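Data block below; observations after.
The values are calculated or read from the model by the stated rules, or taken from the named source; none is laboratory data. Nothing here was measured: the structure is a model prediction, and the numbers come from that model. Note that we place each Cβ from the backbone using ideal geometry, even for glycine, and neighbour counts take in every protein chain shown. Quick note on the areas: whole protein, heavy atoms, side chains included, nothing else; ligands and nucleic acids left out. Shrake-Rupley method; radii C 1.70, N 1.55, O 1.52, S 1.80 Å.
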Amino acid sequence: MSSSLTSLVTGEEASIVAIQADEVLRNRLMALGFRIGQRVRLVRRGAFSGPLQVRIGGTDIIIRGRDAARIEISRS
Amino acid sequence: MKRIALLGMPNTGKSTLFNRLSGATARVGNWPGITVSLLRARVLVGAAIAEVVDLPGIYDLHGYADDERIVRHFLETQPIDLAVVLVNANQLERQLFLTLQLQELGFPVLLVVNMIDESRRLGIRIDVEALARELGLTAVGVSAKYGEGHNELLRTMAQLLSAGPDGRREVPADVVRRLSADDALEMRVNEVLCRSVARPYLVPEQLSDRLDRFLMHPWFGIPFFFVAMFLVFSGVFFLGTPIQDLMKQGFASLASVALEPALADAPPMLRGFLMEGLYAGVATVTTFVPLIVLFFFFMALVEDSGYLSRAAFLMDALMARLGLDGRSFVMLLMGFGCNVPAIMGTRIMRSRALRLLSMMVIPFSLCSARLQVFLFLIAALFTARQAPLVLLSLYGISFLTAFVTALGLRHHRRFVSDESFVVELPPYRLPTLRQIWLRGWLEVRHFVQRATKIIVAGVILVWLLTHFPAGTVPASAETYAGMVGRALQPVLQPLGIDERLAVALIFGFVAKEVVIGSLAVIYGLEGDALSAHVAQVMTWPQAYSFMLFTLIYTPCLSTIASIRAESRSLRFTVAAVVWPLVLAWLVSFAFYQSVLFLGG
């Protein structure tokens with residue numbers, strides 16, 4: 001079962017299975033380390049539906065919910 | 001002279017390396033065919049001087065943010081002899097991409113693995129030689145922050161430069177089309193890393209994480225942020241005010257002991273021009289330089305520590321509702337130093353709509369030049385206990401006017417963007433004193449260079465306007481300045497701004513640094529004498545109204561020029577000048593008239 005990155009709870013980890021973004025955002029995400037198969041962990045959520053802080057490998061990234069929704073993950 | 005381009009992703013310590021190489025001798029260079037300015041420096045590499053160009057940090061060569069376009073355009077038009085690519089040792093798996101892209105384009109590449117001190121602490125072992133061998137290029141490991149590996153880097157750069165051909169290399173045409181598929185590069189990166197990097201299985205919890213649990217707390221994060229900014233400003237005043245007082249005394253005694261006796265026999269007109277014009281104006285402005293210098297050093301500290309990215313995270317929810325994002329907020333903060341670099345900083349945004357909206361609000365940032373004016377007037381008209389609160393209220397209004405402007409414009413079709421907000425969050429780093437010094441010094445020098453020319457010119461012009469036509473009483477209604485001031489009275493009198501202050505405001509349009517200098521010339525006084533006089537001729541509501549107007553109206557000519565250059569739109573630039581002017585009038589009018597009404 002795959003769901004979006006926004007569905008993670010704080011501290012939870014999952015694998016990226018797909019990135020449904022236009023080319024520009026896709027390139028940006030790739031350059032920051034979002035790649036199929038990579039493990040990603042939700043570190044914290046900003047208050048008032050603020051951005052998410054996620055960790056991929058050695059990099060921390062802040063990403064808005066709207067953009068995070070384009071990243072599909074699998075919990076298995 | 002051979003040319004070296006410095007490239008790398010954001011947050012790799014590129015500026016730190018550049019500053020270390022250049023030793024703060026960098027100049028803003030202009031490039032044929034490139035409209036933006038890039039930093040460059042002449043550096044002794046081996047036996048010859050080479051030119052090192054600091055290109056903006058970018059994630060890859062495909063991108064369409066202005067920064068990425070600038071780098072691509074530079075590589076396509078300016079021949080280089082060596083591409084020095086900086087990567088963060090802790091993030092090799094994603095950073096090597098840019099290196100491979102450049103290698104693929106045929107550039108002679110020197111890979112610099114930076115922050116090896118940090119990766120050692122994290123237990124990551126990097127075999128730089130193996131990495132170089134696998135990639136088929138030259139590589140060195142350095143810590144730009146502490147200078148580790150610096151000599152080896154210079155040696156390697158010299159070797160590569162002398163190995164290359166003497167003539168200019170060809171530039172690659174159409175960079176985007178020539179890059180091969182990412183997948184192939186990705187496979188290569190993985191292979192290379194397997195053979196050259198050993199990572200510990202579990203990375204222990206870092207100090208950064210512990211700090212973030214408090215500093216990025218959903219409830220305490222934002223209050224703490226404002227406390228931190230308040231501490232920065234208090235620190236500036238605590239350290240700077242005594243120095244400022246000393247300088248005031250110094251200037252006053254220099255005038256009474258040396259200059260006045262020396263000029264005793266000079267014609268009165270010349271003496272007046274030199275003492276009450278040039279000296280009073282320049283001396284008054286100069287006493288604020290220590291405060292500004294300290295301010296830039298503190299800003300460099302905050303910026304290099306990684307805390308600004310946290311501010312972007314904390315404020316993004318609010319900024320999103322204003323049609324902006326966390327980066328716009330960081331630019332607003334940068335604008336507290338000077339609006340010009342903040343306007344240029346919006347280049348990291350890809351969407352033009354978001355850039356334009358950010359550029360519309362940045363000029364409301366209370367920059368260090370405006371700070372000078374406020375410090376002077378607040379010290380003259382308010383008690384020491386009221387002073388911090390008055391200044392804080394002005395910072396509040398600075399944010400408020402920016403937010404209200406964004407709120408009003410966010411639905412306009414020119415400003416609606418679908419820009420994504422995905423940014424890296426670097427770990428906290430304690431910058432070294434040397435780093436802060438170099439960064440701060442660069443800013444300070446830029447500020448002083450800009451300010452001195454404008455101040456001297458402004459002060460001279462104000463003196464001429466307030467002393468001619470010949471035979472009039474200085475600064476009276478019969479002088480040119482008086483005429484201009486009087487002509488503006490119908491507009492400015494309801495704000496409590498008299499003819500003389502109106503003249504100062506006109507010069508503030510050129511640069512806010514001139515405002516206090518022109519007051520000094522208009523009243524023919526400097527330092528404490530000027531403060532005392534201002535306190536007599538102005539009431540506090542008049543002073544506050546004047547400060548509100550100064551805060552909100554058109555920042556300065558340099559900012560306008562930057563907005564024009566960055567937006568490439570005359571219409572937008574006109575709007576960015578007119579709206580703040582209107583808003584300034586409305587706010588000052590509302591304030592002054594309410595006080596008159598309430599106070600009777």
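Annotations for the structure displayed:
- Interface between chains B and A: roughly 2800 Å² of accessible area buried, both sides summed (probe 1.4 Å, protein heavy atoms only).
- The order of the peptides B:275-288, B:215-228 by mean Cβ neighbours within 10 Å, most packed first, is B:275-288, B:215-228.
- When +1 charges are put on Lys and Arg Cβ atoms and -1 charges on Asp and Glu Cβ atoms, the dipole computed for chain B relative to its Cα centre reaches about 420 debye.
- B:Leu433-B:Glu260 FRET efficiency (beta carbon distance; Förster radius 45 Å; 0.05 resolution): 0.65
- Built amide H within the under 5 Å cut-off of B:Gly306, gap 5+: B:Arg429
- For B:Asp81, solvent-accessible area (1.4 Å; no DNA, RNA or ligand), Å²: 10 Å²
- Taking 0.36 nm per residue of separation and subtracting the current Cα-Cα distance, fully stretching the chain between B:Met269 and B:Leu389 would add 39.0 nm.
- Average other protein chain Cβ within 10 Å of Cβ, residues A:52-59: 6
- Fully extended contour minus Cα-Cα distance, from B:His446 to B:Leu557, at 0.36 nm per residue: 38.4 nm
- Take each residue of peptide B:71-77, count the partner chain Cβ atoms within 10 Å of its Cβ, and average: the result is 0.
- With the highest mean first, a sort of the peptides B:588-594, B:408-414 on other beta-carbon atoms found within 10 angstrom per residue produces B:588-594, B:408-414.
- Rounded to the nearest whole Hz, the Karplus-based 3J(HN,Hα) values (6.51 cos²θ - 1.76 cosθ + 1.60, θ = phi - 60°) of the range B:144-159 follow the sequence 4, 5, 9, x, 5, x, 5, 5, 5, 4, 4, 4, 5, 4, 4, 4, with x at glycine and proline.
- Per residue, the range B:525-600 exposes an accessible area of 46 Å² to a 1.4 Å probe, with every protein chain left in place.
- Rounded to the nearest Hz, the phi-derived 3J(HN,Hα) couplings of the range A:56-62 under the Karplus curve 6.51 cos²θ - 1.76 cosθ + 1.60 (θ = phi - 60°) are 10, x, x, 10, 9, 9, 9, where x marks glycine and proline.
- Non-local lysine pairs in the protein assembly as shown, meaning eight or more places apart or on different chains, with alpha-carbon distances under 25 Å, amount to 5.
- Residues with amide H under 5 Å from that of A:Val43, placed H, sequence gap 5 or more: A:Gly11, A:Gln53, A:Val54, A:Arg55
- Across the range B:478-487, rounded Karplus estimates of 3J(HN,Hα) from the backbone phi angles (6.51 cos²θ - 1.76 cosθ + 1.60, θ = phi - 60°) give 7, 6, 4, 4, x, 5, 4, x, 5, 4 Hz, Gly and Pro being marked x.
- Close amide H partners of B:Leu39, meaning residues 5 or more places away or on another chain with modelled amide H under 5 Å apart, are B:Gly29, B:Asp54.
- Burial order of peptide ranges B:464-474, B:59-69, B:500-510 (average beta-carbon count within 10 Å, highest first): B:500-510, B:59-69, B:464-474
- Probe 1.4 Å, accessible area per residue of chain A, Å²: 43 Å²
- Helical runs assigned H by DSSP (4 residues or longer) give chain B a calculated mean residue ellipticity at 222 nm of -19500 deg cm²/dmol, each run adding -39500 (n - 2.57) before division by the residue total.
- Among the residues of B:221-227, the average count of other protein chain beta-carbon atoms within 10 Å of the residue beta-carbon is 1.
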